[in-house]
Each structure stands twice: as C-alpha cells, then as structure tokens.
Amino acid sequence: MGFFDKLTGTRYPDSGVAPLPATEVRAALLALNGPDVPYRVRNALPAEKADLKAVPQ
C-alpha cells in the first residue's frame, strides 16, 4: 500500500479474490438505499462523468 493510498483510504482485496461483474456491483450499491441511511445512491447524470453517485438525503 502506497503513501497516497493511506491518505485516501484506498484498500485492495486479498489475493485470490475474484472480481464481481459490474452489474452485480451496481445492484449491490443501489441496494444500499433506504430510509435509515444518510445518503441515496443514484445513477449519475452524464455531466457528472460517473456511473453512480451517493448524495445526502
């Protein structure tokens, strides 16, 4: 782990862990939405240059 990874909180998976398909990751992140969380995960707008965005509720 590099210096900037520590500053930004970047974490890497253990070796041997297979990545999930993007559709499964997207579904898992969108499933985080609920009335008891301080944010809402939504599809990003084209101008935001992202796939998903977490915004305060």
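The values are calculated or read from the model by the stated rules, or taken from the named source; none is laboratory data. Note that the coordinates shown come from a computational prediction; the quantities given were computed from them, not determined experimentally. All accessible areas refer to the heavy atoms of the entire protein, side chains included, with ligands and DNA or RNA removed. Shrake-Rupley method; radii C 1.70, N 1.55, O 1.52, S 1.80 Å.
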- Query: Of (1) modelled with pLDDT of 95 or more; (2) in a loop (DSSP other than H, G, I, E, B), residue 13 satisfies all except one. Which?
  - Reply: (1)
- Item | Hits in the stretch 35-52 - residues which are of a type in the set (D, E, K, R), open to solvent by 80 Å² or more (accessible area, probe 1.4 Å) and not in a loop (DSSP other than H, G, I, E, B) | 40
- Item | Residues (among the charged types (D, E, K, R) and open to solvent by less than 100 Å² (accessible area, probe 1.4 Å)) located in the stretch 1-18 | 5
- Message: Would you confirm whether or not the stretch 19-34 contains a residue that is assigned to a loop (DSSP other than H, G, I, E, B), open to solvent by less than 60 Å² (accessible area, probe 1.4 Å) and more than 14 Å from residue 55 (Cα to Cα)?
- Response: no
